[in-house]
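The values are calculated or read from the model by the stated rules, or taken from the named source; none is laboratory data. The structure presented is a predicted model; accordingly, all values stated were derived computationally and were not measured. With ideal geometry, Cβ positions are generated from the backbone for all residues, glycine too; neighbour counts draw on all protein chains shown.
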Amino acid sequence: MASDMMKEKFMSNITHNNAGQERYKNFRAALYIRALETAHLKGDITAFTEKFERIAKFAKIGKVYIETHRDMQIPEESTLIALKAYFAGKGIAVSAGITVTIDESDDFKTYCYSDPFYRNKLKDIVTLSARHFDEVVFDDFFFSNCKCPKCIDAKGEKSWTQFRLELMTQASKELVLAPARAANPKVEVVIKYPNWYDHFQGLGFNLKDQPPLYEGIYTGNETRDAAHGAQHLQPYESYQVFRYYENIKPGGNRGGWVDPYGSPTLDRYAEQLWLTLFAKSPEITLFDFSSIQTPIRESQRGNWQGQATSFSYDGTTATVRNSDGSFSSEATMAVAAGAALEKVDGVLGELGNPVGVKVYKPYQSMGEDFLVNYLGMVGLPIDMVPEFPVDAATILLTENAKCDAGIVEKIKKQLMDGKNVIITTGLLAALQDRGLKDIVELERTNRKMTTDEFQIGWNPTTFKAEKPLLVPVVEYLTNDSWEIISCNCGDAGTPMLHAAAYGNGKLYILTVPDNFDDLYNLPAGVLSRIGETVAKELYVRLDAPSKVSLFAYDNDTFIVHSFRDETVDLRLVLDEGITAVKDLFPEPAETSGFEGFFGAREPAVPKELYEACEIPGIFGKKSGKNGVGITVKPHSFRVFRCVR
């Protein structure tokens, strides 16, 4: 109830601040303005506002964050006052931003919170910001990577993680919140957390103790180019990370944040914006005033363009080309942002609240880092939570869960209550000497096998992978537990998905390859069988190849998004009571997929209603599921509502 009231208040503020302006219907678009773009203005904002007008021509900006510090750059108060008055005069909400860096180019060199000089300087910046603004947002560098002699001495015998968690929580209270509230009792302070959540604790981001201190949190949703970026974050994280932070502070996650960096195609930039909003973010911040003005490149046209995909490079850029076909000066990333946001705005009003498979990640935990985003990329809707989800009928636990000292007893309790628990081989290895063998005697060994063939069932159906996978070998007692999916390795083998009965429930073990990317090489039939176990409580799941994601909502709506470079045929697997699905936004000249399941594709015709067919069961039994065949174009999404 409290989270609903917080969300309602925040959305009410968005509506009020947007009065009389052309804005998006289902979210607010914000623009972040770095101190590096304003520190030199000296109160004269004429040239700056001309640039802003060019951005606002394409993206409907309803709010701006004016930064008061970054890299030791601080705009003059006259500049802050002039900018605030300019935006307020246009009906645009205005807040402050603070980035606590000394030099971003020097490995994101942060303030030293053991040094009185930097502690006092931060208090001064916070006081300045709170005096002029009723909301102050900290960009995602409010951590410590300092190992100077002062920090080494202050750390003593503590680990760096323990020292920094305590240091930065104290800094929140003493250097940020206290001076901000002293300067402005109405101020609301928001801390933005970036995308590398599995490693936060090592640098002092405290997801357990910090969020309750702040009025709000904010989410860094950038995933950029997974193949070539240093982080290798998977596209699905642009959705998942917002949901995770929302579960940490329900109703207090104020928005998602995306930049245009590392976007080899404009589709990749658009997908980050879309997935942030698929997660039901009430606001999306475009970072930043400078980078959004980056020129569009011809090389950002994906090879799949020209097929009426969800993002049209040609359609988006048509209005910013000169008569000779070259780009005009207006052809910037603001054009792409505006097109992507306009596309998704009409979709969001149809969607309920996101639902997914409960994944428990204890606070300050590590293990199989960022694995859940790969699982989201193979069709499993993920809902990661910081507290053990005792009410969930099915839960998924990765190696992160080993950081909960009582995790084995919690697993037992779920199973005794007739619920199902899926654990990964990473967690199996961590728990097999911590009491898990009291549930089932099996072991992840140190041996590995290479496989490209998978077998399902006693009357085996075999599937071939696109490439061989290296998988850990799991040993178990015959007839005490059972293979559901087998990896065939010549005349040897090991489970891919394994099951063991205990009490009134079942424990499943999901084998995770050493290279998480190998999950993308699993055949569609194998991924479908994994989904049948992991996502069994959802009313819809996918029978599809990898790099196709499912986003489900509690009002029988769902989205299927393909990150593949080619058109894909797939099957929706639906609860028995669902007789059809309605395409809420049918594209012109859409194909109808493979109505007979893997049959020939029908001629290209617009289609709105897809009738479901019963999926046959095995051994003459009913499957209890219906199926619908659809087609999804490259880097595109489709939105459906179930008909019951």
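Of note:
- Qualifying residue in the stretch 397-407 (condition: of a type outside the set (D, E, K, R), within 21 Å of residue 530 (Cα to Cα) and in contact with a Lys or Arg (Cβ under 7 Å, 6 or more places away or on another chain)): yes
- Against the numbered list (1) part of a helix (DSSP H, G or I); (2) assigned by TED's automatic domain parsing to the domain that holds residue 28; (3) within 25 Å of residue 194 (Cα to Cα), residue 280 comes up short only at (1).
- Residue match in the stretch 148-162 (condition: buried (at least 21 other Cβ atoms within 10 Å of the Cβ) and either touching a Lys or Arg at 6+ places or on another chain (Cβ under 7 Å) or farther than 17 Å from residue 252 by Cβ (or both)): no
- Here the condition is being within 22 Å of residue 372 (Cα to Cα), surrounded by fewer than 20 Cβ atoms within 10 Å (Cβ to Cβ) and either within 24 Å of the chain's Cα centre (by Cα) or modelled with pLDDT under 95 (or both); of 514, 556, it holds for 514 alone.
- Test: residue 460 is in the same structural domain as residue 367 (by TED's automatic domain parsing) and either loosely packed, with under 13 Cβ neighbours inside 10 Å or of a type in the set (Ser, Thr, Tyr) (or both): yes
- Taken over the stretch 379-396, residues that are surrounded by 21 or more Cβ atoms within 10 Å (Cβ to Cβ), farther than 19 Å from residue 573 by Cα and among the β-branched types (Val, Ile, Thr) amount to 1.
- Qualifying residue in the stretch 498-509 (condition: in a loop (DSSP other than H, G, I, E, B) and over 23 Å from residue 420 (Cβ atoms)): no
- For the criterion of being farther than 25 Å from residue 51 by Cβ and crowded, with 20+ Cβ neighbours inside 10 Å, residue 309 passes.
- Any hit, the stretch 464-486, residues being surrounded by 19 or more Cβ atoms within 10 Å (Cβ to Cβ), more than 29 Å from residue 388 (Cα to Cα) and in the same structural domain as residue 516 (by TED's automatic domain parsing): yes
- Residue under evaluation residue 246, criteria (1) within 20 Å of residue 60 (Cα to Cα); (2) within 21 Å of the chain's Cα centre (by Cα); (3) not small (Gly, Ala, Ser), criterion not met: (1)
- Counted as qualifying within the stretch 41-138 are the helices (runs of 4 or more DSSP H) with 1 or more residues that are among the polar types (S, T, N, Q), assigned by TED's automatic domain parsing to the domain that holds residue 216 and buried (at least 17 other Cβ atoms within 10 Å of the Cβ), namely 77-89, 116-132.
- Among the residues of the stretch 596-642, those identified as modelled with pLDDT under 90, touching an Asp or Glu at 6+ places or on another chain (Cβ under 8 Å) and farther than 30 Å from residue 458 by Cβ are 601, 602, 604, 605, 606, 607.
- Where a residue in the stretch 162-189 is among the small types (Gly, Ala, Ser) and its partner, wherever it lies, is in a helix (DSSP H, G or I), with Cβ under 6 Å and at least six apart: 172/213; 180/126; 180/130; 183/127; 183/130; 183/131
- Residue 64 falls short on exactly one of the conditions (1) out of contact with any helix residue (DSSP H, G or I) (no Cβ under 9 Å at 6 or more places or on another chain); (2) within 19 Å of residue 136 (Cβ to Cβ); (3) without any contact (Cβ under 8 Å) to a residue 60 or more places away in the chain, and that condition is (1).
- Some residue of the stretch 278-298 being within 30 Å of residue 555 (Cα to Cα) and of a type in the set (D, E, K, R): yes
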